[in-house]
1. Looking at VAL215, VAL256, VAL240, can you tell me which residue is more than 30 Å from ALA310 (Cα to Cα) and among the β-branched types (Val, Ile, Thr)?
2. Please verify whether ALA205 is over 41 Å from the mean Cα position of the chain (by Cα), modelled with pLDDT of 85 or more and small (Gly, Ala, Ser), treating the condition exactly as stated.
3. On the given criteria, is GLY650 under 44 Å from the mean Cα position of the chain (by Cα), modelled with pLDDT under 90, farther than 26 Å from SER563 by Cβ and surrounded by 14 or more Cβ atoms within 10 Å (Cβ to Cβ)?
4. Looking at segment 539-550, which of its residues are surrounded by fewer than 12 Cβ atoms within 10 Å (Cβ to Cβ) and either touching a residue at least 60 places away in the same chain (Cβ under 8 Å) or aliphatic (A, V, I, L, M) (or both)?
5. When you look at THR580, is it modelled with pLDDT of 90 or more, surrounded by fewer than 22 Cβ atoms within 10 Å (Cβ to Cβ) and within 33 Å of the chain's Cα centre (by Cα), yes or no?
6. Do you know which residues across segment 133-161 are under 16 Å from THR38 (Cβ atoms), in a helix (DSSP H, G or I) and of a type outside the set (A, V, I, L, M, F, W, C)?
7. Spot the failing condition for HIS360; the list is (1) modelled with pLDDT under 85; (2) closer than 27 Å to VAL76 by Cβ; (3) crowded, with 20+ Cβ neighbours inside 10 Å, and only one is missed.
8. Output the residues belonging to segment 273-316 that are part of a helix (DSSP H, G or I), among the small types (Gly, Ala, Ser), under 18 Å from ALA257 (Cβ atoms) and at pLDDT 85 or above.
Amino acid sequence: MTPPAPPSPLGGLRSDLSASITVFLIAVPLSLGLALATGAPLQAGLVAAAVGGIVAGSLGGAPLQVSGAATSLVVVTAGLVDRYGWRATCAITVLAGLAQLTLGALRVARAALAVSPAIVHGMLAGIGTVIAVGQLHVVLGGAPQSSTLANIAALPGQLLRSHPATPLLGALTAAVLLCWPRLRGRAGRLRAVPAPLVAVALATAVSAWHTVPRVELPEWRMPVLPQFPEGPVLGIAAAVLTVMLVAGMESLLSAVAVDALQAGRPGPHAPPARLDRELLGQGLSNVLSGLLGGLPIAGGAMRGSANVAAGARTRRATILHGGWVVVCAGLGAGALEAIPLASLAALVMVVGVRMVSFAHIRHVQRHREFPVYAVTLGGVVLLGVLEGVIAGGAVAAVLALSRLTRTRVRVTEEPGCHRVRVTGQLTFLAVPRLSRALAQMPAGSNVVVELDGSFMDHAAHEALRAWCDRHRSRGGRAVLGDGAGRTVSEPAAAHACRPWTPWRNHHCTRPVSGGTPATSEGQLIGGVSAFQRNTAPLVREELARLAHEGQSPRHLFLTCADSRLVTSMITSSGPGDLFTVRNVGNMVPLPGAEAACDSVAAAVEYAVDVLRVSGITVCGHSGCGAMQALLGSDHEPGAPTPLARWLRHGRPALARLRQPHSAGAGRVTLAERHAADEAERLALVNVVTQLDHLTAHPCVARRIADGGLRLHGMYFHVAEAQAYLLDPATGVFTAVSPDHAALRPGPATMGGLEPDGTAVSAPAGATTSAPGHDTSPSPGPETEWVRPAQAAPMSGAGRKTEGAAQRSKPFLLRGLVRVRQDW
């Protein structure tokens with residue numbers, strides 16, 4: 001089979017070009033609005049957008065992140081401009097960039113991710129509050145005051161003397177920004193135009209008949225070099241530290257967020273973010289922006305998410321966006337000067353309001369960190385960004401210490417046992433209280449110790465272990481459990497066997513009394529008893545959920561009934577994961593055949609049409625008795641026994657094996673070695689044959705044509721404990737390694753093989769159509785070819801797999817790789 005063609009470079013360029021224009025249309029009004037909010041020259045916002053796009057886009061470690069004037073630094077920059085002046089603020093930006101370069105060279109970028117999310121969200125919410133209150137004055141036709149409290153105090157007077165037109169322009173801008181994403185139906189197509197562009201353009205058109213304050217861009221000239229600020233060294237150092245930390249933290253967190261966004265979309269992805277390189281790129285951008293008279297730069301989640309949503313594939317989109325900003329600043333100054341200031345202020349005000357996220361508040365409340373969030377928010381609003389972050393960090397440290405030391409130990413007596421419940425973290429500080437409680441336990445009693453916490457230090461662990469050993473030596477029973485009452489630990493003698501230990505070596509399931517030989521019935525009851533004792537408490541909650549919601553497996557696993565083949569062990573699957581069909585020889589009888597089996601066909605139909613599984617795997621294995629029986633006898637029509645009649649479904653595989661074939665590529669075999677004997681070769685060919693039989697079932701063929709089902713072949717070598725996956729393009733079974741590359745969804749195919757084992761190939765760029773279906777003329781990297789079954793000819797279909805079908809193979813591979821790693 002010819003592999004699908006790689007994505008066209010021209011197609012990627014078109015996507016990047018389209019995305020760059022979208023982000024540019026968002027960045028220009030936003031950059032002007034942020035410059036207005038800080039009191040800096042308006043072109044400083046455009047300088048930051050251009051430098052951030054070109055420099056950070058070229059050199060940064062997050063290809064799809066879009067950098068520019070930092071929303072989170074509006075309050076800080078406004079304070080610096082007011083205190084030191086604009087040229088000194090540019091010098092502070094340069095120093096902050098140098099500090100970021102140093103941290104990036106030291107590779108400490110990931111340390112920013114260790115900051116409590118409550119502090120980050122509180123800081124952003126506080127900055128958003130300050131921005132919104134300050135820009136409300138501009139919307140009303142005035143100017144913001146030096147602090148949030150002063151802005152709030154001056155608001156009544158500003159309302160009384162507000163400009164007659166600017167509040168209406170601000171309200172119009174805010175209304176468009178809030179309502180534009182909610183357009184539905186045919187009007188929803190307009191959402192392709194960015195909301196900020198529509199809002200500012202509409203407000204500019206409406207303001208054409210009014211005299212209102214507008215954008216004033218001074219004449220462009222060579223930038224004046226920054227001037228080192230005058231003042232106390234500690235104050236300057238604090239300013240540099242604040243700009244560096246806030247800009248760096250926003251950039252790194254935004255890079256992680258953009259990575260998560262692009263991971264959730266189909267198609268080729270840009271490389272994952274390299275945070276140290278991103279910090280170096282941000283540092284160099286801030287150095288150049290400060291030297292050229294621009295605002296401090298940071299990566300922004302809003303611009304980055306817009307870039308991903310617009311279809312950007314590479315860093316070209318970010319760089320092109322910076323180029324468009326340069327072109328606009330040089331050629332479109334007249335159009336920019338028609339924008340009313342009230343519209344830009346309303347745009348920034350809405351951005352500030354959105355920074356106060358109720359989803360974040362619920363998140364921190366759920367994790368009992370709302371005090372940290374509230375103190376950080378209040379500190380930023382009342383004191384400043386750096387002061388607010390320090391206050392939030394102090395509260396977070398106090399809460400952590402409080403939780404670490406707040407431990408409650410309660411003892412209750414219940415029928416048949418004593419229960420010791422430990423609530424909170426178990427550290428050396430709680431050992432005296434725990435020891436006093438455990439000393440009350442009578443010798444020989446049953447004791448359950450519930451640990452309702454997430455941490456236990458070494459001293460507490462040793463004290464608890466010593467007491468357990470001592471109590472058990474006196475004839476007692478001690479069980480450790482968690483807060484939900486599930487067993488965590490029992491005496492070693494109670495359960496020392498692995499889940500896959502055979503009965504003959506299993507100490508936990510042997511009959512206790514009499515020393516008589518274990519019968520199969522007694523061993524079975526012993527195994528069920530061990531399950532009730534050791535496993536049932538752990539799975540009861542999950543099984544109760546499945547019983548309530550019903551089963552919804554993602555995969556049908558069809559394999560042999562051989563007792564050595566444990567499907568849950570091979571795939572690391574649990575309850576509700578696999579819909580399993582087992583029979584002798586992993587056979588799939590052809591529909592309508594003389595000896596067709598309704599049992600297998602019914603299971604396949606139920607899995608495909610009712611359960612809507614997204615994948616079917618046929619799994620053969622080494623040492624299969626059915627294959628050996630096929631090689632050793634004829635099984636002609638009229639065979640005298642049910643087993644012989646059943647094995648006739650394997651005769652097509654035997655016929656395929658014995659047909660002449662050319663050596664080399666296309667022969668069904670193992671990648672790492674030759675098949676050990678004819679029985680192993682037949683087992684491999686049988687997997688391919690039964691996959692062909694599956695495609696002859698109408699329900700399977702229909703789902704494959706719709707792109708909702710994928711078929712996979714697997715072979716398990718029992719002695720090696722090694723699973724192999726079929727590559728239908730070559731007919732080769734390849735071993736699954738612990739770090740198998742197919743863990744990442746990628747190009748996957750499913751096809752049939754010719755009777756001699758040669759893979760069916762499809763011409764590049766060609767497709768065939770199932771009746772009533774239209775297919776794309778050029779299969780992309782996610783296109784799969786499906787060959788019709790020989791016994792029931794039908795059209796194959798080249799379809800792009802979507803939804804759950806793309807996840808079926810990685811789901812099985814994750815399980816197989818986990819098994820290889822565990823073993």
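The values are calculated or read from the model by the stated rules, or taken from the named source; none is laboratory data. Just so you know, these numbers come straight off a predicted model, no measurement behind them. Cβ atoms come from the backbone with ideal geometry, glycine included; neighbour counts cover every protein chain shown.
1. Details: VAL215 fails: more than 30 Å from ALA310 (Cα to Cα); VAL256 fails: more than 30 Å from ALA310 (Cα to Cα).
VAL240 is the lone residue from the list that is more than 30 Å from ALA310 (Cα to Cα) and among the β-branched types (Val, Ile, Thr).
2. Details: over 41 Å from the mean Cα position of the chain (by Cα): yes; modelled with pLDDT of 85 or more: yes; small (Gly, Ala, Ser): yes.
Answer is yes for this residue.
3. In short, no.
4. ALA544, ALA547
5. Numbers: modelled with pLDDT of 90 or more: yes; surrounded by fewer than 22 Cβ atoms within 10 Å (Cβ to Cβ): yes; within 33 Å of the chain's Cα centre (by Cα): yes.
For THR580, the condition - modelled with pLDDT of 90 or more, surrounded by fewer than 22 Cβ atoms within 10 Å (Cβ to Cβ) and within 33 Å of the chain's Cα centre (by Cα) - is met.
6. Of everything in segment 133-161, those that are under 16 Å from THR38 (Cβ atoms), in a helix (DSSP H, G or I) and of a type outside the set (A, V, I, L, M, F, W, C) turn out to be GLY134, GLN135, HIS137, THR148, ASN151.
7. (3)
8. Quick first cut of segment 273-316, residues part of a helix (DSSP H, G or I) only: 275-291, 301-309, 316.
If we keep only those that are among the small types (Gly, Ala, Ser) as well, we get 281, 283, 285, 289-290, 301, 304-306, 309.
Still in the running and under 18 Å from ALA257 (Cβ atoms): 281, 301, 304-306, 309.
Residue satisfying the conditions is GLY281 alone.
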